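Let me begin by presenting the structure, written as structure tokens, before commenting on it.
Please treat every number below as a calculation from the coordinates, not as lab data. If you're wondering where the values come from, they're calculated on a predicted model, not measured in any experiment. Here the Cβ positions follow ideal geometry from the backbone for every residue, glycine too, while neighbour counts run over all protein chains shown.
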Amino acid sequence: MPESVSTPDPSLLSINTATVRQQWRLPDIISGCAALGIRGIAPWRDQVAETGLKEAAQRIRDAGLLVSGYCRGGMFPAIDGAGRRAARDDNRRAVDEALTVGARCLVLVVGGLLKDGEGRIASKDLAGARSMVRDGVGDLLEYSRSAGMPLAIEPLHPMYAADRACINTMAQANDLCDELGDDGLGIAVDVYHVWWDRELKDQIERAGDKRLLAFHFCDWLVPTRDLLLDRGMMGDGVIDLPLIRSWMERAGYRGAHEVEIFSANDWWKRDPVEVLRTCIHRHQTVC
């Protein structure tokens with residue numbers, strides 16, 4: 001670790017429920033985290049819906065868990081007005097759900113190029129998609145600010161620009177915050193998506209503690225066998241995690257360290273208790 005970076009505070013560890021979603025349903029993840037002394041959790045909307053919103057929120061409260069983030073809102077670009085209205089309404093529901101579960105922020109995966117009704121890419125207009133994202137986030141902000149739920153834009157790796165997110169760098173996310181105002185708007189920094197960016201340190205500093213709303217951990221494997229479903233456990237790949245954490249902390253970030261691992265061929269096939277114990281160990285030894 002860089003000399004100025006101490007061992008992470010174990011109480012900051014949070015588990016994004018995607019990390020063990022193939023082995024456990026949400027109630028099992030909640031109880032499993034609590035049993036192992038993990039203090040934080042970040043649930044996905046589909047898992048909450050399966051459990052029931054009120055029941056999921058009660059279980060999280062009863063377990064004494066902090067909700068580091070709620071996954072997810074976004075997907076703003078749509079091919080017609082009806083699609084954009086549907087996205088607006090769904091994102092407002094996501095804000096309401098995030099409030100119910102007590103989330104620190106609603107994470108936004110903003111969406112990519114326009115798709116037709118069957119999910120096929122229907123346009124190559126990347127600038128137009130980004131314009132729709134700006135308009136969609138701006139509209140949602142009016143609702144989320146009045147509700148008191150911060151929105152965290154998550155820049156995704158450029159490999160996802162077409163189908164998942166056309167905001168791909170910290171600089172783009174910061175620009176959007178500059179344009180829309182950072183009252184209730186910030187950034188979710190996921191190392192998997194931004195570790196490669198030569199401007200990362202400067203853009204973290206630019207964001208500062210007000211905009212840095214979430215911090216996601218995993219690792220980039222070489223080779224990566226699947227760009228979506230082959231994330232590495234911390235320490236198994238090439239990302240300098242302590243260095244990026246040092247930048248975040250120097251910029252004022254004091255929030256949770258959220259582990260989010262999609263791993264169809266490895267960690268999703270392992271015993272979930274083993275996965276969580278490994279997360280605890282790696283958080284303390286390689287992050």
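In debye, nearest 20, what is the charge dipole magnitude of the chain about its Cα centre with +1 on Lys and Arg Cβ and -1 on Asp and Glu Cβ, if you could check?
In total the dipole reaches around 400 debye.
Work out from phi, with θ = phi - 60° and the Karplus expression 6.51 cos²θ - 1.76 cosθ + 1.60, the ³J(HN,Hα) of each residue of the range 108-121, listed in order in whole Hz, and give x for Gly and Pro.
Computed from phi, the couplings for the range 108-121 are 10, 9, 6, x, x, 5, 4, 10, 7, x, 9, x, 8, 4 Hz.
Can you give the FRET efficiency for A86 and L229, using 1/(1 + (r/R0)^6), R0 = 25 Å, r = Cβ-Cβ distance, to the nearest 0.05?
Working: r = 27 Å, r/R0 = 1.08.
That gives a FRET efficiency of 0.40.
What does the C-alpha gyration tensor say about the overall shape of the chain? Classify as rounded when a/c is under 1.5, otherwise prolate if a/b is larger than b/c, or oblate.
Rounded.
What distance in nm separates the simple spin-label points at Q22 and L141, each placed 7 Å from Cα in the Cβ direction?
3.9
Counting each DSSP H run of 4 or more residues in the chain as -39500 (n - 2.57), what helix-only mean residue ellipticity at 222 nm follows after dividing by all residues, to the nearest 500 deg cm²/dmol? It would help to have the intermediate numbers written out before the result.
On the way: 10 runs with 122 residues, N = 287.
That comes out to -13500 deg cm²/dmol.
What distance in nm separates the simple spin-label points at D96 and D116, each placed 7 Å from Cα in the Cβ direction?
Modelled inter-label distance: 3.4 nm.
What is the spin-label model distance, in nm, from D9 to S123 if the labels are put 7 Å beyond Cα along the C-beta direction?
4.4
Could you tell me what percent of the DSSP beta bridges with both partners in the range 10-285 are antiparallel, to the nearest 5? Before the final figure, lay out each step's value.
On the way: 3 of 30 bridges.
Restricted to the range 10-285, the bridges split so that about 10 percent are antiparallel.
Quick one: which residues, 5+ away or cross-chain, put their amide H under 5 Å from the amide H of I15? H built at 1.01 Å from N.
Close amide H contacts, sequence-distant or interchain: G40, I41, A42, V259.
Taking amide H atoms as placed 1.01 Å from N in the peptide plane, list the residues 5 or more away in sequence, or in a different chain, whose amide H sits under 5 Å from that of I239.
Answer set, sorted by chain and number: W220.
At 0.36 nm per residue, and after removing the present C-alpha to C-alpha distance, how many nm does the segment from K269 to H281 gain when stretched out fully?
Stretched fully, the K269-H281 segment lengthens by 2.4 nm.
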